[in-house]
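Scroll down for the structure; my scribbles are underneath it.
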Amino acid sequence: MSAILPPAERLWYRHPIDRVEGTWIAIALIWCLVMFAMMVGWHVWGKQNLSTETYRTTPEKFTAKAQAVVDKYTVRTETADNTPVVAPPPGSDVYMIARLWSFWPIIELEKGKTYKLHLTSLDYNHGFSLQPANINIQIVPGFEHVITVTPNQAGTYSVVCNEFCGINHHTMVGRLYVK
Ligand code: CUA
């Protein structure tokens, strides 16, 4: 048979499956199922797939809670537009709002302490990519994503939006400090 000529029998799905081909299909199928199970498994045994809780919310409700924490625990402001830096006590709830095209406020956490980080978007889908820790979460409008975090390394982290959200998507960067 040559690749130039059309196959003699055109209905390929009527041909019997070769044993080697069948074996590879079976191996691929089993491996797909193993990887599918691992997606769930990494939430239990992995260190990077965060298991988030998700609740319905509205921009008004979430903004009110975020504003209350900002009013109570702002320690200073940073950047040209005076973004508050919020340092809530260990164990408390911390809020971060994603919107076109910023993350608000800046958060300051203590190393080794546990917090509940709440995220939402006020407009479209955004991403929460914590660098260089390589933690990724989608931020979906109308939903409050709650992540329990215990930072184990001090430093300055960037929050990068990794869902394309419009003309200034590339400028959508926030900050998180761990002391
Ligand atoms: Cu927000 Cu891209």
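Numbers at a glance
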{"item": "Cα gyration tensor, region 38-179 - rounded (a/c under 1.5), prolate or oblate", "result": "rounded"}
{"item": "Antiparallel content of DSSP bridges confined to the chain, in %, to 5", "result": "75 percent"}
{"item": "Fluctuation leader among G46, G142, G22 - the chain, Gaussian network, Cα springs under 10 angstrom", "result": "G22"}
{"item": "Dipole-positive endmost among N125, F62, G142 within the chain (Cβ charges, Cα centre)", "result": "F62"}
{"item": "Count, lysine Cα pairs under 23 Å in the chain, 8 or more residues apart or across chains", "result": "15"}
{"item": "Selection of GluC sites (Glu not before Pro), region 78-179, meeting DSSP coil and at most 10 other Cβ within 10 Å", "result": "none"}
{"item": "Other-chain or far-sequence residues with amide H under 5 Å of N125's (modelled H)", "result": "none"}
{"item": "Karplus-derived HN-Hα couplings along region 163-179 (A = 6.51, B = -1.76, C = 1.60, θ = phi - 60°), whole Hz, x at Gly and Pro", "result": "10, 4, 10, x, 4, 10, 3, 5, 9, 7, 9, x, 9, 9, 9, 10, 10"}
{"item": "FRET efficiency estimate (nearest 0.05) - Cβ-Cβ, M35 to A8, R0 45 angstrom", "result": "0.75"}
{"item": "MRE, 222 nm, helices only [DSSP H, n ≥ 4, -39500 (n - 2.57), over the chain, to nearest 500]", "result": "-8000 deg cm²/dmol"}
{"item": "24 Å tail of the calculated P(r), region 1-119, as % of Cα pairs", "result": "57 percent"}
{"item": "Cα-based shape type of region 1-49, given that a ≥ b ≥ c are square roots of the gyration tensor eigenvalues and the cut on a/c is 1.5", "result": "prolate"}
{"item": "HN-Hα J in Hz across region 25-30 - Karplus 6.51, -1.76, 1.60, θ = phi - 60°, x for Gly and Pro", "result": "4, 5, 4, 4, 5, 4"}
{"item": "Under 5 Å, built H, 5+ apart or other chain: amide partners of T57", "result": "F143, E144"}
{"item": "For V173, residues with placed amide H under 5 Å, excluding near neighbours", "result": "F103"}
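Every read-out reported here was derived from the displayed coordinates using simple, explicitly stated rules and does not represent laboratory data. Note that this is a predicted model, so its numbers are computed, not measured. Neighbour counts are summed over all protein chains in view; Cβ atoms, including those assigned to glycine, are modelled from backbone coordinates with ideal geometry.
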